[in-house]
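Undergrad: Okay, handing you the structure first.
The values are calculated or read from the model by the stated rules, or taken from the named source; none is laboratory data. Everything numeric here is computed off the predicted structure, so don't read it as measured data. We place every Cβ from the backbone using ideal geometry, glycine too, and count neighbours over all the protein chains shown. To get the accessible areas, we keep the full protein, side chains included, count just its heavy atoms, and leave off ligands, DNA and RNA. Shrake-Rupley method; radii C 1.70, N 1.55, O 1.52, S 1.80 Å.
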Amino acid sequence: MAASVASALKFVRDMREFGTARPSFARIDGLHEVSYPRRKQGFWPSRTLVISEASSAPAVEQGGSSNDTVPTPKVIIDQDSDPDATILEITFGDRLGALLDTMNALKNLGLNVVKASVYLDSSGKHNKFAITQADTGRKVEEPELLEAIRLTVINNLLEYHPEASSQLALGVAFGAVPPEQKVDVDIATHITVVDDNPDRSLLYVETADRPGLLVDLVKIITDINVAVESGEFDTEGLLAKAKFHVSYKGKALIKPLQQVLANSLRYFLRRPTTEEASF
């Protein structure tokens, strides 16, 4: 498990460090090798990320509609709805197959998929997985591992559904087709802190997505001694939406501390107009 967590942390660091580099893909004996190019100014360190592939053929996850309208991909990591497991939900219209390779990739991170379900609604097919750590049987708590899960799922989505890259912020660096729409991040970013109950507050953040965002948000919050108890992190097309339950010394945040938290995140995100949330 230690090796799996170390690999996950390295994955997050690689994705964050090479977020502006466009990788090249090659298939080597059942593995996907991702080699990062040299940087224009100076050079990227020589690194290669290898992701295991399940025995099933890629066609397993390529099934779906031939509709020309590309749906908005959504990856939701939910820490609230199940006390014993992390809930992962993946939606991409009706284009997703069985996601066997995604499940295999999660197992390679030292995780167990203890339950899987599928349901349909007007937005398409929703694939939900209940995930626990293989060594403890408990839900995932480490932000770095949660971010590794998110980036692993998005990496698989881009691999098996290249058309998804036109709808994902990470498609700029890692996708086959960069997004046509460019998010005006000054407009897209919203931060709101509200009272939930006497013991905790709710923090809402909506901003342009990028690798490592979940880890960075948690770090900014904890750096001002605010505790993150649980929450939900949604990757929805070009945007990332986070909902965190936060507290200070076991109590809800008082108004001045709410303002400090919001200002810290605004400064970090470098987005001045963030008064209203769109949740």
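Undergrad: With r defined as the distance between the Cβ atoms of A227 and R270 and R0 fixed at 35 Å, what FRET efficiency is calculated, to the nearest 0.05?
TA: Working from the Cβ atoms, E equals 0.90.
Undergrad: Where the accessible area of region 113-257 is counted over protein heavy atoms with a 1.4 Å probe, how much of it, in %, is carbon and sulfur?
TA: Roughly 53 percent of what the probe reaches on region 113-257 is carbon or sulfur.
Undergrad: Which of the peptides 142-153, 247-258 is most tightly packed, and how do the rest follow, judged by the mean count of other Cβ atoms within 10 Å per residue?
TA: Put in order of decreasing packing, that is 142-153, 247-258.
Undergrad: Taking the Cα centre of region 120-248 as origin and charging only Cβ (+1 Lys, Arg; -1 Asp, Glu), how large is the dipole, in debye to the nearest 20?
TA: Its charge dipole is roughly 240 debye.
Undergrad: May I pose another question? Can you list residues whose amide H is under 5 Å from R200's amide H, if they're 5+ apart or on another chain and H is modeled 1.01 Å from N?
TA: A252
Undergrad: Ranked highest first by average number of other Cβ atoms within 10 Å, how do 214-225, 113-124 line up?
TA: The packing order, highest mean first, is 214-225, 113-124.
Undergrad: Subtract the Cα-Cα distance of D94 and K219 from 0.36 nm times their separation in residues, and report this length gain in nm to one decimal.
TA: 41.4 nm
Undergrad: Distance in nm between label sites at V185 and S81, each 7 Å beyond Cα in the beta-carbon direction?
TA: In this crude label model, V185 to S81 measures out at 3.0 nm.
Undergrad: Could you pull out the pairs from K182/K255; K139/K255; K128/K219; K74/K255 whose alpha carbons sit more than 30 Å apart here?
TA: The answer is K182/K255; K139/K255; K74/K255.
Undergrad: Any idea of the accessible area per residue across region 75-197, 1.4 Å probe, to the nearest Å²?
TA: Each residue of region 75-197 exposes 41 Å² on average to a 1.4 Å probe.
Undergrad: Can you work out the FRET efficiency for the pair D199 and R138, with r the C-beta to C-beta distance and R0 = 22 Å, to the nearest 0.05?
TA: Approximately 0.50, to the nearest 0.05.
Undergrad: Does region 107-237 come out rounded, prolate or oblate by the C-alpha gyration tensor, with a ≥ b ≥ c the root eigenvalues, rounded set by a/c under 1.5 and, if not, prolate when a/b is larger than b/c and oblate if not?
TA: It comes out oblate by the Cα gyration axes.
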